[in-house]
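Visitor: Mind looking over this structure? Questions follow.
Just so it is clear, none of the values below were taken in a lab; they were calculated from the coordinates. Just so you know, these numbers come straight off a predicted model, no measurement behind them. Positions of Cβ are backbone-derived with ideal geometry, glycine not excepted, and every protein chain shown enters the neighbour counts.
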Amino acid sequence: MFDLIVKGGTLPDGRVTDVGIRADRIVAVEDLGAAEAGRVIDATGDLVSPPFVDPHFHMDATLSYGTPRLNASGTLLEGIALWGELRDIATVDQMVARAVAYCDWAVSMGLLAIRTHVDTTPDHLRGVEAMLEVKRIVAPYITLQLVAFPQDGLYRRATGRKNLIRALDMGVDVVGGIPHFERTMEEGAASVRDVAGVAAERGLMLDLHCDETDDPLSRHVETLAAEVTRLGLGARAAGSHLTSMHSMDNYYVSKLLPLIAESGMCAIPNPLINIMLQGRHDTYPRRRGLTRVKEMQGLGITVGWGQDCVLDPWYPLGTADMLDVAFMGLHVAQMSSPAEMARCFGMVTVDNAKILGLQDYGLHPGAEASLVVLDAGDPVEAVRLRPDRLCVVSRGRVVSEKARNDSRLVLPGRPGSVRRRHRG
Ligand SMILES: [Zn+2]
C-alpha cells in the first residue's frame, strides 16, 4: 500500500516506470502493477522529473518591478542604485509578502529548492529578517538557502563586513561577496580571501557574485579558485556569473580553467540576466557576456543555470520557470547537440541540486518524494516547449496541479486539437 503512485511516466534517463511514495519518501521506482495507493496520478507519456532547483536568486528584491521607479538605462549599475533606494523604504512585511507570493509561482512551476542572496548592507538588516521569516513560512514545501550578500561591497562601507557577520549569526546559511564591486582589485582579492576564511572557519558554503563585468582583467575567480583549493572547500564553494571570462584572453583562460577544475568549485551563470545586462557599454559587435559554459563542463566543472531575477530593479521579466533559464542558456552558449540540450535540463535539476548540496534529491528509493510531471516526452522536449507542470509533488504531498490544456483547432481536414508535442 502506497500513499501516492505516479504511474507510467518517462524519467529523464528514458526509463518508463512507476514511482511509489510513502509519507515523504520515494520507496519504489519500478513497475508496481495494480498496487494500491491513496491516490494514483497517471503520467503515461509524460516526463517525470525531480524538481527544478534555482542556485541563484534575489528574493528580497523580487516582484518589486517599478518600485520606487523604473531602471531607465537598463544597466546593472543603475539597478544597484535603484535597489539602494528600495531596500531602505521596503518594510519587512512588504518583503515577506512579495517573496512568499513568488514562492507560490515557484511551486506552480515545480521549482522546490532555491538559493537566494539577501543584501546585508543596511544596518537595519530588514531584508535578512524578512528572508529568515520567508524561509520559515515556506519550509514545509520549499528548501530555501540564504546567502549573506554584501551588495555594496564588503569594504566599501564601514559596516559592510560587520553586517555580513551579523547576518550569519542571525542564521543565514551561506557566505557571499562581490569582489569586482570593491574599490580596487587589491581590495576585491582581499575580500575573497576574507569571506572564504569566514566560510571555512564556520563550516559554511561559499557563493560569490564574481566578476560580473565585461572587464577582461576582472580576475577574482582566480583568487577564489586558489582559496577554495587552499581551504579544501571543494564543491561547497561556487562562483556566480563569471561573465568577465567571456571577454578574457584565451591564453589566460587556458591557465584559469584547470585552476577552477582543481579546486572542485562550481560555477553559476545566469543567462537571462547576463544576456540582458552585459555588453551594455559595447557598440557593435556587442558581447554576449555569458561565461564559458561548455569549456568548463569539458573539464568536469559543475555548472548550473541560475535565474537571478524576476521583476526587480535589474530585470523587467521572469516567470519562476527554470526552463526559461535553460532555454536562454542553451541558445547563448550554443548548446545545440542532443546531448548538450539534454544537459541544459540536467543543469536546472541535478547539477543545481549538487551545487546546493541537497541530500536525498532525485528519483530513487530513499529519496525525498518531490517531483514534477511535465507535459513533454523527454528533457529536450521540455526545454523546447517549457510546458505545463501537470502535477507537482513536494515531500509526498501534491502541492500544485494543472489540467492538460491542448489547443482546439477549427480547420477543415485537420485534427481537432494540437499539443505541439513531437515526442511521446
Ligand atoms: Zn545575483
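Visitor: Restricting the count to DSSP beta bridges whose residues both fall in the chain, what percent are antiparallel, rounded to a multiple of 5?
Guide: 45
Visitor: Report the calculated FRET efficiency for residue 44 and residue 337 (r = Cβ-Cβ distance, R0 = 35 Å), to the nearest 0.05.
Guide: In this case the efficiency is close to 0.75.
Visitor: May I ask you to derive the FRET efficiency for residue 407 and residue 317 from their Cβ-Cβ distance with R0 = 25 Å, giving the value to the nearest 0.05?
Guide: E between residue 407 and residue 317, to the nearest 0.05, is 0.55.
Visitor: So for each of 229-239, 335-345 I average, over its residues, the number of other beta carbons within 10 Å; can you give me the resulting order with the highest mean first?
Guide: Result, highest mean first: 229-239, 335-345.
Visitor: Distance between the C-alpha centers of region 130-188 and region 19-91? Whole Å please.
Guide: 21
Visitor: Can you give me the convex hull volume of the Cα atoms of region 276-424, divided per residue and expressed in Å³?
Guide: It comes to 190 Å³ per residue, whole-number rounded.
Visitor: Return the FRET efficiency for the residue pair residue 105, residue 15: r is the Cβ-Cβ distance, R0 is 25 Å, and the value is rounded to the nearest 0.05. Could you put the intermediate results ahead of the total?
Guide: Working: r = 30 Å, r/R0 = 1.21.
Calculated transfer efficiency: 0.25.
Visitor: Moving on to the next point. Take the Cα radius of gyration of region 135-281 and divide it by 2.2 N^0.38 Å, with N its residue count; two decimals is plenty.
Guide: It is 1.04.
Visitor: 222 nm [θ] for the chain, helices only, -39500 (n - 2.57) per DSSP H run of 4+, per residue, to 500? Could you put the intermediate results ahead of the total?
Guide: Working: 14 runs with 148 residues, N = 424.
When only DSSP H runs of four or more count, the value is -10500 deg cm²/dmol.
Visitor: Further, regarding this structure: Given bins 5 angstrom wide, list per bin the percent of all Cα-Cα distances in region 363-417, short to long.
Guide: In whole percents, the pair-distance histogram is 5, 16, 17, 18, 18, 12, 5, 4, 3, 1, 0.
Visitor: In whole Hz, with x marking every Gly and Pro, tabulate ³J(HN,Hα) for region 210-216 from phi via Karplus 6.51 cos²θ - 1.76 cosθ + 1.60, θ = phi - 60°.
Guide: Here the 3J(HN,Hα) series is 9, 6, 7, 7, 8, 6, x Hz.
Visitor: If you count, for each residue, the other Cβ atoms within 10 Å and average over each peptide, how do 33-39, 400-406 line up from highest to lowest?
Guide: Answer by packing, highest mean first, reads 400-406, 33-39.
Visitor: In nanometres, what is the gap between the two model label sites at residue 185 and residue 262, each 7 Å from Cα along Cα-to-Cβ?
Guide: Label at residue 185, label at residue 262, 2.0 nm between them.
Visitor: Send over the per residue convex hull volume for region 226-265, Cα only, as a whole number of Å³.
Guide: 59
Visitor: Moving on to the next point. Over all directions, average the projected area of the Cα convex hull of the chain and note it in nm².
Guide: Its Cα hull, projected and averaged over all orientations, spans 22.2 nm².
Visitor: I would also like to ask the following. Of the peptides 49-60, 79-90, 103-114, how do they stack up when ordered by the mean number of other Cβ atoms within 10 Å, highest first?
Guide: 49-60, 103-114, 79-90
Visitor: How far apart, in nanometres, would the label points at residue 419 and residue 251 be if each is projected 7 angstrom from Cα along the Cα-to-Cβ direction?
Guide: Roughly 5.6 nm, to one decimal.
Visitor: What is the percent of Cα-Cα separations in region 1-83 that go past 14 Å?
Guide: 71
Visitor: What share of the DSSP beta bridges in region 116-258 is antiparallel, in percent to the nearest 5?
Guide: Once the DSSP bridges in region 116-258 are tallied, antiparallel ones form about 0 percent.
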